[in-house]
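Working notes, structure below.
The values are calculated or read from the model by the stated rules, or taken from the named source; none is laboratory data. All values derive from a computational prediction rather than experimental measurement. Cβ placement follows ideal geometry from the backbone for every residue including glycine, while neighbour counts extend to all protein chains displayed. SASA here: full protein model, heavy atoms, side chains in, ligands and nucleic acids out. Shrake-Rupley method; radii C 1.70, N 1.55, O 1.52, S 1.80 Å.
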Amino acid sequence: MPARKVGIIGCGTIGSQLAIAVDTGAVRNASLVSLFDVVQNSAQVLKQKLNTGPSAYSSFDDFIKKTDCDIVVEAASQEAVKRFAVQVLRAEKDLMVMSVGALADKTFLSELLREAEKAGRRLYVPTGAIAGIDAIRAVKHLLDSVTLATTKSPKALAGAPFFETSKVKLDEIKERTVIYEGTAADAVRAFPANVNVAAVLSLAGIGVDRTKVRIIADPAFTTNQHEITAKGSFGEFRFTVNNVPSPGNPKTSYLAVLSAIECLRSICDDGMRVGS
């Protein structure tokens, strides 16, 4: 099959690693044709590190209109998903969403699915920094409860909107401290760069309003830990993943980067189209 032409929105940690993977041939049957980032020159800086010379844009209109890509990978932010995802689908391109927290908005998700169906395109969601999603999907109709406990160092949680109104002071935390307990729907808004996994888990299971999330700050932690507990008439699952933070960005687990690369490889390799 002809190589699938890939465009990437966002040239940060995940976007850069995806671009390098495609550029170096780690994702077979894929060709990187375009990069876009709202930050001036970010796409150009990434382009200089690559061998294949993709087009680089700081204008989304130019990115979507001037490049002939088959699939666009969003690797920027929940805000970017809200701003650009519908336009990507209307331009008749498949879309892979990394900032899955944006899909916790059920009205927005329904709109995306409608647009994808109208355009005859696919919406892909990688599993990200957790494991066990296939098992959760298999028993979703039998689930009574799903809980995600995420533990990170305070510096990995810094900058989250949660702290704009919370009395919690990260720099004063000296021991393991639960700083948030609530629904996945609220968690992905309060910690948009930290718990996209909560949205992935919710989409696979019982939804964002019934999935419970606990966020723990622990100064002793050097990994990002996600512990999933699922209970129902089938029995009980427990999965624990300790992820090494991605180099240069403690908010992102390295497993999330690897999951994105593998998802794109599954989409492109030998014409396979495996995704949500």
Exercise. Using the structure shown, decide if LEU113 is within 19 Å of the chain's Cα centre (by Cα), modelled with pLDDT of 95 or more, closer than 30 Å to ASP61 by Cα and not in a strand (DSSP E or B).
Key: yes
Quiz item: Are there any pairs with C-beta distances below 9 angstrom linking a residue in the range 216-233 that is under 11 Å from THR150 (Cα atoms) to a residue that is open to solvent by less than 20 Å² (accessible area, probe 1.4 Å) and among the charged types (D, E, K, R), with the two at least 6 apart or on different chains, and if so which?
Solution: ILE216/LYS152; ALA217/LYS152; ASP218/LYS152; THR223/LYS152; ASN224/LYS152; GLN225/LYS152; GLN225/ASP218
Practice problem: Please go through the range 80-92 and pick out each residue that is without any contact (Cβ under 8 Å) to a residue 60 or more places away in the chain and open to solvent by 10 Å² or more (accessible area, probe 1.4 Å). | Solution: LYS82, ARG83, VAL86, GLN87, ARG90, ALA91, GLU92
Quiz item: Got a number for residues in the range 141-162 being in contact (Cβ under 8 Å) with a residue 40 or more places away in the chain and buried (at least 16 other Cβ atoms within 10 Å of the Cβ)?
Solution: 12
Quiz item: On the given criteria, is ALA256 surrounded by 17 or more Cβ atoms within 10 Å (Cβ to Cβ), more than 20 Å from GLY182 (Cα to Cα), touching a helix residue (DSSP H, G or I) at 6+ places or on another chain (Cβ under 7 Å) and not charged (D, E, K, R)?
Solution: yes
Quiz item: Out of the range 137-154, which residues are under 20 Å from the mean Cα position of the chain (by Cα) and either over 21 Å from GLN225 (Cβ atoms) or not assigned by the TED database to the domain that holds ILE173 (or both)?
Solution: ARG137
Quiz item: Which residues, taken from the range 207-248, are at pLDDT 95 or above, in contact with a helix residue (DSSP H, G or I) (Cβ under 9 Å, 6 or more places away or on another chain) and among the polar types (S, T, N, Q)?
Solution: THR211, SER233
Exercise. Output the qualifying pairs, or none if there are none: Cβ atoms under 7 angstrom, residues six or more apart or on different chains, first residue in the range 165-186 and in a helix (DSSP H, G or I) and surrounded by 12 or more Cβ atoms within 10 Å (Cβ to Cβ), second residue among the hydroxyl-bearing types (Ser, Thr, Tyr) and modelled with pLDDT of 95 or more.
Key: ALA184/SER202; ALA184/THR211
Quiz prompt | Hits in the range 96-114 - residues which are farther than 30 Å from ASN242 by Cβ and open to solvent by 20 Å² or more (accessible area, probe 1.4 Å) | solution = LYS106, THR107, SER110, GLU111, LEU113, ARG114
Quiz prompt | Selection within the range 1-17 - at pLDDT below 95 and hydrophobic (A, V, I, L, M, F, W, C) | solution = MET1, ALA3, ILE14
Practice problem: Identify the residue in the range 127-142 that is touching a strand residue (DSSP E or B) at 6+ places or on another chain (Cβ under 7 Å) and assigned to a loop (DSSP other than H, G, I, E, B) and, among all such residues, is nearest to VAL244 (Cα to Cα). | Solution: ALA129
